[in-house]
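Comments concern the structure below.
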Amino acid sequence: MERPPDKVKEPFSAYGHYTYADYLSWQLDERIELIRGEVFKQAAAAPRRVHQEISMVLSNKLYEFLKGKTCKVYVALFDVRLPVSSRKHEDIDTVVQPDLCVVCDPEKLDELGCVGAPDLIVEILSPGNNKKEIQLKYEVYEASGAKEYWVVHPDERTLLIYTLETGKYRPSRLFTLGDRVSSQALPGFELDLDEVFGEL
């Protein structure tokens with residue numbers, strides 16, 4: 001298969017298989033992610049207001065908790081590359097942009113973002129992307145070894161936490177208003193969901 005030309009508006013097709021090397025060569029006006037070599041376009045519109053408010057609360061809580069610690073929190077847009085067998089750009093075919101992620105291993109960070117699984121990943125659902133977040137990203141996050149995956153549903157004001165145990169995710173119960181949650185990936189971190197959802 002021919003490599004797509006560099007620096008063109010939309011150099012990929014629905015049937016291609018692409019890598020991080022291809023991704024770096026593209027100059028696009030829109031956000032995209034690669035999941036197992038397939039291109040997924042992000043919504044053209046900016047995230048809804050409620051999405052932004054939840055993201056700000058969570059990022060602030062994580063930032064304050066992590067001050068002075070090795071772990072760092074990052075918010076979208078931030079590329080997370082999930083290699084399978086090699087860290088070479090041409091061998092990586094999954095590049096995602098979680099809403100938030102926490103990386104505790106400095107060796108995984110470089111000037112381009114993160115290479116390897118973050119310790120904690122948070123995705124805030126938006127209309128139209130739920131299948132990608134719940135199914136496709138769940139699979140690659142689990143396979144890559146991300147210790148915890150949080151799925152926030154703004155409309156329902158719920159949080160579901162997947163915790164990695166012996167290579168497989170174990171789901172929590174569904175948390176909502178009135179609940180306090182903790183993180184196994186970040187011992188000592190607690191979150192009052194009234195502070196996340198209470199003013200929406």
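In table form, for the structure just shown:
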read-out: Selection count where residues are modelled with pLDDT of 95 or more and either of a type outside the set (Lys, Arg) or more than 17 Å from the chain's Cα centre (by Cα) (or both), scope region 69-87; value: 11
read-out: Residue that is nearest to Gln184 (Cα to Cα), among those in region 66-107 that are among the basic types (Lys, Arg) and assigned to a strand (DSSP E or B); value: Lys72
read-out: Test: residue in region 142-155 that is surrounded by fewer than 20 Cβ atoms within 10 Å (Cβ to Cβ) and of a type in the set (A, V, I, L, M, F, W, C); value: yes
read-out: Region 94-125 - residue that is within 15 Å of Arg31 (Cα to Cα) and either touching a helix residue (DSSP H, G or I) at 6+ places or on another chain (Cβ under 6 Å) or among the aliphatic types (A, V, I, L, M) (or both) and, of those, surrounded by the most Cβ atoms within 10 Å (Cβ to Cβ); value: Val96
read-out: Unique residue being within 25 Å of Pro127 (Cβ to Cβ), in contact with a strand residue (DSSP E or B) (Cβ under 7 Å, 6 or more places away or on another chain) and among the acidic types (Asp, Glu) when the list is Asp99, Asp93; value: Asp99
read-out: Entirely in region 128-200, the strands (runs of 3 or more DSSP E) that have 1 or more residues that are within 19 Å of Pro118 (Cα to Cα), within 20 Å of the chain's Cα centre (by Cα) and of a type in the set (Val, Ile, Thr); value: 148-153, 158-165
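The values are calculated or read from the model by the stated rules, or taken from the named source; none is laboratory data. Please read all numbers here as calculations on a predicted model, not as lab measurements. Because the Cβ atoms are built from the backbone with ideal geometry, glycine has one as well, and the counts that use them run over all protein chains shown.
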